[in-house]
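To keep things clear, I will list the structure first and then write my remarks on it.
The values are calculated or read from the model by the stated rules, or taken from the named source; none is laboratory data. What you are looking at is a predicted structure, and each value in this text was computed from that prediction instead of being measured. Heads up, the Cβs are rebuilt from the backbone with ideal geometry, glycines too, and the neighbour counts pull from every protein chain shown. To get the accessible areas, we keep the full protein, side chains included, count just its heavy atoms, and leave off ligands, DNA and RNA. Shrake-Rupley method; radii C 1.70, N 1.55, O 1.52, S 1.80 Å.
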Amino acid sequence: MQRDEIYLIDMWRILLREWRWFVAVLIVVLAATFVFLRVTKPQWQADAWIQIGQVGAAPAGQDPKAEPLQRVLERMKLIPFQNETLESIGIGPRTPEAGLYRHSLKLEPLPYAGPLIKLSVRAHSPEMARKLAETTVERLKAIHRGAEATELNFAKARLAEVQADLQQVTAERDHLQQVATQNKDDFAGLLLTSKNDEMRSLQLARSDLQARLSSTYTYDTSLMWPVYVPENPVFPNPALTWGMGGVLGLFLGTLTAVRRNALRRRAAVSATMSRLGATELS
């Protein structure tokens, strides 16, 4: 414990002795921090939560999603996909805005929440950050809509077929019911029972298809909630930057003071040795 106290006292004496160097380095670092904050363009971050579209009437055993979660993530990381997104709002692939878009694009899978994908992207204005996030989702939506079209058309055709069969069976059931009532035909009664069962089966199939094609089970890829953009930029953070600059300035100032004190002592020792050597020679 005593050694630590002596070390701190010695350090304080060094700082007092070399205060000019300490203050000079601290001022330089703080000035560099000020220039960094003034020169660096602020960046705003937009966060979006993407819901992957699906067709609820997909055949049994087939994933109803337009595209598996992992494949969506890989698609959105592709440079061609990103370039198409940027070009759709008039941003060239080699511009600084495009570079910031690519480097800041982050995708976080949320497999147990839908699944959902959390998308984060940055730009030099809150409006552009929001627009980039929304455009990315729209581009993905257009791709998925094309993939869903075939399955959706098949499901609608199946629903129309079931509806037509139901109408035909209903007409046959009504005819048999009329025959059985008028003629008291036992065979017609048996056929009527069979038609009733067939009609109930078709009604269940129709209801199931209608439910699966409803917005609850069939929907496009879209934003789960509105895009969120905070009021203040996420980079640079003035409080954090000034704090880091102050800590770095104190560290470098202390290091410079210690170094300067060591050089001064070394020069003093060398001068003393030189005088002693000259005295002995004389």
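Each residue in the stretch 209-267 was checked for being under 27 Å from VAL35 (Cβ atoms) and of a type outside the set (Phe, Trp, Tyr), and 28 of them qualify.
For the stretch 21-66, filtered to residues that are out of contact with any Lys or Arg (no Cβ under 6 Å at 6 or more places or on another chain), at pLDDT 90 or above and part of a loop (DSSP other than H, G, I, E, B), the residue that is least open to solvent (accessible area, probe 1.4 Å) is GLY53.
Check the stretch 242-258 and report whether any residue there is modelled with pLDDT of 85 or more, in contact with a helix residue (DSSP H, G or I) (Cβ under 7 Å, 6 or more places away or on another chain), over 30 Å from LEU15 (Cα atoms) and not in a strand (DSSP E or B). Scanning the stretch 242-258 turns up no residue that is modelled with pLDDT of 85 or more, in contact with a helix residue (DSSP H, G or I) (Cβ under 7 Å, 6 or more places away or on another chain), over 30 Å from LEU15 (Cα atoms) and not in a strand (DSSP E or B).
The residue that is farthest from the chain's Cα centre (by Cα), among those in the stretch 117-132 that are open to solvent by less than 40 Å² (accessible area, probe 1.4 Å) and within 15 Å of ILE52 (Cα to Cα), is ILE117.
Scanning the stretch 92-109 for residues that are under 24 Å from GLU231 (Cα atoms) and open to solvent by less than 50 Å² (accessible area, probe 1.4 Å) gives ALA98, GLY99, LEU100, TYR101, SER104, LEU105, LEU107.
Table: residues versus (1) in contact (Cβ under 8 Å) with a residue 24 or more places away in the chain; (2) within 30 Å of SER194 (Cβ to Cβ); (3) open to solvent by less than 60 Å² (accessible area, probe 1.4 Å).
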{"site": "ASN83", "(1), (2), (3)": "no, no, yes"}
{"site": "PRO111", "(1), (2), (3)": "yes, no, no"}
{"site": "LEU140", "(1), (2), (3)": "yes, no, yes"}
{"site": "ILE143", "(1), (2), (3)": "yes, no, yes"}
{"site": "GLY146", "(1), (2), (3)": "no, no, yes"}
{"site": "THR150", "(1), (2), (3)": "no, no, no"}
{"site": "GLN167", "(1), (2), (3)": "no, yes, no"}
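Any chance you could count how many residues in the stretch 67-108 are in a loop (DSSP other than H, G, I, E, B), among the β-branched types (Val, Ile, Thr) and touching a helix residue (DSSP H, G or I) at 6+ places or on another chain (Cβ under 7 Å)?
Matching residues across the stretch 67-108 total 2.
For the stretch 179-231, residues that are open to solvent by less than 40 Å² (accessible area, probe 1.4 Å), in contact with a Gly (Cβ under 6 Å, 6 or more places away or on another chain) and modelled with pLDDT under 90 total 2.
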